[in-house]
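The values are calculated or read from the model by the stated rules, or taken from the named source; none is laboratory data. All values reported here derive from a predicted model rather than from experimental measurement. Every residue, glycine among them, receives a Cβ derived from its backbone with ideal geometry; neighbour counts consider all protein chains shown.
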Amino acid sequence: MLIAGGTGGIGHLVAEELRRQSATVVTVSRSSVDSPSHVVADLRLPDNAQHVVNHIINQHGHLDVVVNAVGIVAFGDVSATSPDTVEELFLTNTFAHIFLCTAALPKMSKGGVIVGISGVIAEQNLPGMATYGASKAAMKSFNEGFGREARRLGVRVIDARPPHTETGLATRAVAGTAPRFPQGLEPANVAKRIVNAIVNGEIDLPSGSFSN
């Protein structure tokens, strides 16, 4: 199993939950971790996504689950958002997901699962988050069409849209300052909900399917 963004607030908890269920998990991120089951890679580069998938196949012989928990956020009016910030949002939140799915699908086992975490913002965009929301809505839209293609190969695609979750991501925005959010969900509960969806054969996780 491959968890992209596996050192992040939700990703590392998904990895831990899957390991508790005796899964063999490889995490991937741009951060270095002292673990033989971690790969350092920037998935915004399509060749890197292919290299990571090939590495897992070579090491473990198969790939049956991919969870993409990679994501960044930016805040501020569109008029105050730089082109560089827009590019970074779409490269990380949208393009990296597409590159990873493109690399993984042909190598996955029948019955496999791909999860993309687009988030509640993909259901209803908000002022001050318009560009971030657009990058996540693009991911959700991709998952819808890609899921139909993947189904022909026996692979299930889940789009997960958890409400605001207390991962601390909002405090690490690449631009702007976060508004005051209400108390968010516990990350461990979100991770468990995603893993349950993988195990139980679900195909969509709208915001209303999450709770603390």
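Take segment 180-202 and flag every residue that is part of a loop (DSSP other than H, G, I, E, B), exposed (fewer than 13 other Cβ atoms within 10 Å of the Cβ) and either in contact (Cβ under 8 Å) with a residue 40 or more places away in the chain or not aromatic (Phe, Trp, Tyr) (or both). Full working, then the answer.
Let us first name the residues in segment 180-202 that are part of a loop (DSSP other than H, G, I, E, B), namely 180-184, 186, 201-202.
Among the residues that remain, those that are also exposed (fewer than 13 other Cβ atoms within 10 Å of the Cβ) are: 180-183, 201.
Residues satisfying the conditions are ARG180, PRO182, GLN183, GLY201.
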Residue check for SER135: in contact with a strand residue (DSSP E or B) (Cβ under 9 Å, 6 or more places away or on another chain), in contact (Cβ under 8 Å) with a residue 40 or more places away in the chain, within 19 Å of SER29 (Cβ to Cβ) and hydroxyl-bearing (Ser, Thr, Tyr): no
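What number of residues within segment 135-158 are of a type in the set (A, V, I, L, M, F, W, C) and closer than 21 Å to GLY184 by Cα?
Of the residues in segment 135-158, 1 are of a type in the set (A, V, I, L, M, F, W, C) and closer than 21 Å to GLY184 by Cα.
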Count - residues of segment 39-65 that are acidic (Asp, Glu) and out of contact with any Lys or Arg (no Cβ under 7 Å at 6 or more places or on another chain): 2
Test for THR167: is it surrounded by 19 or more Cβ atoms within 10 Å (Cβ to Cβ), modelled with pLDDT of 95 or more, under 18 Å from VAL86 (Cα atoms) and β-branched (Val, Ile, Thr): no
Complete set of residues in segment 1-37 that are buried (at least 19 other Cβ atoms within 10 Å of the Cβ) and part of a helix (DSSP H, G or I): GLY11, HIS12, LEU13, VAL14, ALA15, GLU17, LEU18
Residue in segment 102-110 that is at pLDDT 95 or above and touching a Lys or Arg at 6+ places or on another chain (Cβ under 9 Å) present: no
